[in-house]
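Notes to accompany the following structure.
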Amino acid sequence: MVGNDRFESVCSELDSALKREQQAQQLLNQQSGQLQQLSQKLDVQVSHETENQHNLQGVTQDLSQVKYSLKSKEQQLHQLETELFQMQGEKKGLHENMYDAEKALRSAAQDKDSLCRYLQGIESALLEAKKEMSWSKGFANRDFSLSKMLMSADLIPLGKPSGDIIAMQNVVSAFIDVYQQCHSRLVALQDEIEASKRHVATLKRELAAACRRELHEQVPLVDKSYVSRDGRPMYEENRSYLDEYSPLQKQPMK
């Protein structure tokens, strides 16, 4: 038989062991709960890290796309700047061309006005020379007068002459050269005509003198057709008989 003391002692030890076991169980439960909490926290943390990693990858991709988009935008901006620079150059060139065209038009208008004034001056000079030629009878001073009128410095426009004016001046100069040649030829012909007239007058005087001598030497043999009724010769000295002779006319064909 076990005594009461022993039994109480064993019960006490069992009771203490049970309490220690309960405390240990409680401690294990607490630690298990803490482990579960830690596991949940770890799972949450891992989930957060996974999500963050996924988000980070998305952000990285977004950044790459943004960088690519920015690079594309920069290229487009550079291309637009290049096109703008080219357009500005073309615009500047167009302005310069317009300025040159306006300058050329103004110059052409001025040249046209100068040419018109020059032609009007030449026309006035020719009309004036025509009047002087109609008033004068000789050719002595006509060449000098016409050349002086056409080559007058008042007719030449001020400033640098245009190509049309230079061409017209060359035409006028050529006309003056031809006119001077014609004038020289006319003067020579007039001199020849005057010399011929003097020669004819001399021949007429000599012929009249010969006729008189022949009449004095051969009065009885003189044909009545050469002597007038009062005994004077029919041919008179210093008289022109051109008006009594008409040039031969061409007879019409039958």
Q. Separation between the Met168 and Ala188 pseudo-spin-labels, each 7 Å from Cα along Cα→Cβ, expressed in nm?
A. 3.4
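If Lys and Arg each add +1 and Asp and Glu each add -1, what is the summed charge of the other residues whose beta carbon sits under 12 Å from the beta carbon of Leu80? Walk me through the numbers before you get to the answer.
Working: positive: Lys73; negative: Glu74, Glu81, Glu83.
Once positives and negatives cancel, what remains is -2.
Hey, what's the Kirkwood Rh for the range 10-130 if you take every pair of different alpha carbons, in angstrom? Working shown, then result.
Values: mean 1/r = 0.0395 Å⁻¹.
About 25.3 Å, per the Kirkwood formula over Cα pairs.
Once you have the Cα-Cα distance between Arg198 and Glu21, take 0.36 nm times their residue separation minus that, and quote the gain in nm to one decimal. Please list the in-between numbers first.
On the way: separation 177, 0.36 × 177 = 63.72 nm, distance 18.22 nm.
That pair, Arg198 and Glu21, stretches by 45.5 nm at full extension.
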Q. What aspartates and glutamates could a cross-link reach from Lys148, if we take a straight Cα to Cα line under 18 Å and drop same-chain neighbours fewer than 8 places away?
A. Glu123, Glu128, Glu132, Asp177
Q.
Can you give me the distance in nm between label points at Gln76 and Glu13, each placed 7 Å from the Cα along the Cα-to-Cβ direction?
A. 9.1
Q | Distance in nm between pseudo-label sites at Tyr99 and Glu128 (7 Å out along the Cβ direction from Cα) | A | 4.3
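No value in this document is a laboratory result; all are computed from the given coordinates. These numbers come from a predicted model, not from an experiment. Don't worry about glycine lacking a Cβ; one is built from the backbone with ideal geometry, like all the others, and counts go over all protein chains shown.
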